[in-house]
Amino acid sequence: MKKTILSLALALVALAVSAQRPLEANQRLVGYYTSDDIDNSLSFTSAPGKMQAGAYLVPNDYVQYVGAKVVGMRFALGSDGTSTGVAVYSVNKQSTYTQLVAVDAENKEPGWHTVMFPEDKQFTLSDQWKAVVPSFKYTQTRSNSPVAVYAAGPKRDLYIYGKIPNSAGGTGREEWNNLGSDYGAVAIQLIVEANGAAQHAVTPQDFGTYRVGLGQTKTVDVTFNNFGESLKNLDYTVTMDDKTSDEYHIDLTETDNALTGTGTVTVPVVLPAASAMGTYPVTLTVTKVNGAENQAARKEANGTCMTVFKDFVQKVFVEEMTGTGCGWCPRGIVGMQLMKQKYGDRFVGVAIHRYNASTDPMAPREYLTLDDLPAGNAPLCIINRNGNQAVDPYFGSSGEKFGISRDIEKELYYGTAEVGVTVSGVWNADQTEVTATAVVEANIAGDFDVAFILVADSVVGDNAAWYQNNNYAQYDPADGGYAADPNLAQFCKGGTYGTSQIKQYPFEDVVIASSYNTRSTLATLDPVSAGGTVYSTYTLKLPTKNTLKPYINKDKVSVVAVLTEKSTGYVLNVDRNEHITPLTGIVDAAQTTGETVEVARYNAAGQRISAPQKGLNIVKLADGRTLKIIVK
């Protein structure tokens, strides 16, 4: 469903969390969660008026109680709220809401409130519904926060009924709006009579599609509904391709996910690959709960396994236009730093110093001319060369603080890729060249381009040509604005770099060499077959100009490989390696664990060589692989 964004004030409130009325021995709670926890209240101040807050409970939430009688409900009020009553609706397959019960009851105190239904208004739960929605009625003002939630609980959709204007993200009609799951779980629960309730009963929820490489396993988040007295551990089996696995065991106490009563918990579950590549239906069956037989009415959940040659991690490539003469580029510096911190090695960024190429010592000798990234406009960046308009490397397309993260997450949404590339590099004798090698593997056949880039970190100059212009130095923290942004405050008046020209700044991700001319890459790559592997090697020369060469720390040079579609230029995947192998081929084993680092090289006769030679080279990598590469 579409997520509707409203003007939201999220306030931490101190709320009474004890239940107003204890449950009878045969009564159970049904909701997004079933504890007394509440830790926040929500205020939708942009749409004042009469509202209802609801929990959208699907049959999986109450499968153990299908046919049970609903005798009441409870909900928690946030701060300064007044509820006027409760109502429960069924939702049919066509998404039509039908009121099942409505009870008037005024409550003003923050915390939990219980409303029991008269006998003639009680009803039974049906698995023929698409959902059942318990709700409470309230009036939203410009200042109150009446909807209590458990923000630290499960992330489930919050439903608000009201006339929400277009300007606030609604339709202008009085109807139910799904506001998404960012706020946690709304504090609304049904009370059902469950005579003879099982002591050990857990139902898993369907878990969608997962991709996994041949012979590997994949950890997938699976949600479990506990309808018994407690949940400390469980056992499950996986059935795929007419074969059922041995039991797997999960101890929830080890991850603080144990439940002391009924409720919902999401935990990482190990799922296997199929024995051959392809797409397979998968059934997960919970067999035991706390060591006893699972007594749930439904014990199975379904999903789909896509078994591929290899499960490649999707990485994102960001090219930033910047320059020392650009006074607004410090925010681009911040954006690149934050992306690296947030996404780790899934982010590969390069800084192209072309804004003032004639005076910037870091202007690259050769690099691809990118139509979407004009040199005279900075700070700007493009992401994966995806054809979209260039965006600000800090604000992104949304214009928000660190809004670029939203754009990055769109590119990383699926998490996995159909092709993978890993890169390594080796210095020549005097460290003026790096021979880079890319290993390209694919689940699909294709003809791709590969390019190599050298980037340098901690590049610090010592003269006026290196001064970074800084327009943010004029802003005072006392005036708010840019200086109120903690990410930019370092460049504002009184900050660490709060001068109009920043001296001796350590520049990061600086492009110093590449396999590009202005229009294409000079590196070559053979077509790859599905499930196949191809290699490419290219020698990159470090800068020789005296305005840059002395300031490059060879220990801070990394090699990047970029894999692109031939027809569109779209970046399919990318890799960066910070450990370029020294000439001797001797590397620190602790430093290379898990890295694609060259540890030895031999010629066709089996003789060890210290640098790439024309013809067949046999390369041994730190991860145990041996590559045969033709150096042209």
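Inclusion of Asn195 among residues that are within 27 Å of Val103 (Cα to Cα), modelled with pLDDT under 95 and surrounded by fewer than 21 Cβ atoms within 10 Å (Cβ to Cβ) is warranted. Test of understanding: among Tyr210, Tyr159, Tyr236, which residue is over 26 Å from the mean Cα position of the chain (by Cα) and assigned to a strand (DSSP E or B)? The unique qualifying residue is Tyr236.
Elements of the type strands (runs of 3 or more DSSP E) sitting completely within the range 375-474 and holding at least 2 residues that are surrounded by 20 or more Cβ atoms within 10 Å (Cβ to Cβ), of a type outside the set (A, V, I, L, M, F, W, C) and touching a strand residue (DSSP E or B) at 6+ places or on another chain (Cβ under 8 Å): these cover 419-427, 433-442.
Restricting to the range 475-520, name every residue that is outside any loop (DSSP other than H, G, I, E, B), among the small types (Gly, Ala, Ser) and under 21 Å from Arg365 (Cβ atoms). Before the answer, list the steps.
The first filter runs over the range 475-520 and keeps only residues outside any loop (DSSP other than H, G, I, E, B), leaving 477-479, 481-484, 489-491, 501-502, 507, 510-514, 516.
Remaining after also requiring among the small types (Gly, Ala, Ser): 478, 481, 483-484, 489, 513-514.
Within the range 475-520, Ala513, Ser514 meet the criteria.
As a summary of the residue check, Leu231 satisfies the conditions (1) at pLDDT 95 or above; (2) touching a helix residue (DSSP H, G or I) at 6+ places or on another chain (Cβ under 7 Å) except for the one numbered (1).
Considered as a group, the residues in the range 12-62 that are exposed (fewer than 14 other Cβ atoms within 10 Å of the Cβ) and within 28 Å of Thr171 (Cβ to Cβ) include one that is modelled with the highest pLDDT, and that residue is Lys50. Cβ-Cβ distances below 6 Å connect the following pairs, each with a first residue in the range 408-421 that is touching a residue at least 12 places away in the same chain (Cβ under 8 Å), a second residue that is surrounded by fewer than 16 Cβ atoms within 10 Å (Cβ to Cβ), and a separation of six or more residues or different chains: Glu418/Ile444.
Residues that are in contact with a helix residue (DSSP H, G or I) (Cβ under 9 Å, 6 or more places away or on another chain) and surrounded by fewer than 21 Cβ atoms within 10 Å (Cβ to Cβ) within the range 348-360 comprise just one, Thr359.
Checked against the criteria, Tyr89 does not count as aromatic (Phe, Trp, Tyr), over 30 Å from Leu259 (Cα atoms) and at pLDDT 95 or above.
The residue list Ala274, Ala297 contains one member that is among the small types (Gly, Ala, Ser) and in contact with a Cys (Cβ under 7 Å, 6 or more places away or on another chain), which is Ala274. Note on the range 506-527: among residues that are surrounded by fewer than 20 Cβ atoms within 10 Å (Cβ to Cβ) and under 31 Å from the mean Cα position of the chain (by Cα), the one that is farthest from Gln341 (Cα to Cα) is Pro506. With respect to the stated conditions, Gly213 is of a type in the set (Gly, Ala, Ser), buried (at least 16 other Cβ atoms within 10 Å of the Cβ) and assigned by TED's automatic domain parsing to the domain that holds Tyr280.
Yes/no matrix, rows are residues, columns are (1) without any contact (Cβ under 8 Å) to a residue 24 or more places away in the chain; (2) not assigned by TED's automatic domain parsing to the domain that holds Val421:
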| position | (1), (2) |
| --- | --- |
| Phe491 | no, yes |
| Pro527 | no, no |
| Ser536 | no, no |
| Asn546 | yes, no |
| Lys554 | no, no |
| Val562 | no, no |
| Glu578 | yes, no |
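Does Val149 meet the test of being surrounded by 15 or more Cβ atoms within 10 Å (Cβ to Cβ), of a type in the set (A, V, I, L, M, F, W, C), assigned by TED's automatic domain parsing to the domain that holds Gly49 and closer than 22 Å to Ser181 by Cα? For Val149, the condition - surrounded by 15 or more Cβ atoms within 10 Å (Cβ to Cβ), of a type in the set (A, V, I, L, M, F, W, C), assigned by TED's automatic domain parsing to the domain that holds Gly49 and closer than 22 Å to Ser181 by Cα - is met.
When the residues of the range 275-309 are filtered to those that are among the hydroxyl-bearing types (Ser, Thr, Tyr) and within 24 Å of Thr260 (Cα to Cα), which remaining residue is surrounded by the fewest Cβ atoms within 10 Å (Cβ to Cβ)? I'd like the intermediate steps shown before the answer.
Keep residues of the range 275-309 that are among the hydroxyl-bearing types (Ser, Thr, Tyr), which gives 275, 279-280, 283, 285, 287, 304, 307.
Going one step further and asking which of them are within 24 Å of Thr260 (Cα to Cα), we end up with 285, 287.
On the way: Thr285: 18, Thr287: 14.
Within the range 275-309, the match that is surrounded by the fewest Cβ atoms within 10 Å (Cβ to Cβ) is Thr287.
Answer yes if at least one residue in the range 49-61 is of a type in the set (Ser, Thr, Tyr), closer than 28 Å to Glu193 by Cβ and in a loop (DSSP other than H, G, I, E, B), and no otherwise. Before the answer, list the steps.
Looking only at the range 49-61, we keep the residues that are of a type in the set (Ser, Thr, Tyr), and these are 56.
Restricting the remaining residues to those that are closer than 28 Å to Glu193 by Cβ gives 56.
With the extra rule that they be in a loop (DSSP other than H, G, I, E, B), the set shrinks to 56.
For the range 49-61, residues of a type in the set (Ser, Thr, Tyr), closer than 28 Å to Glu193 by Cβ and in a loop (DSSP other than H, G, I, E, B): present.
The values are calculated or read from the model by the stated rules, or taken from the named source; none is laboratory data. These figures come from a predicted structure and were not determined experimentally. Note that we place each Cβ from the backbone using ideal geometry, even for glycine, and neighbour counts take in every protein chain shown.
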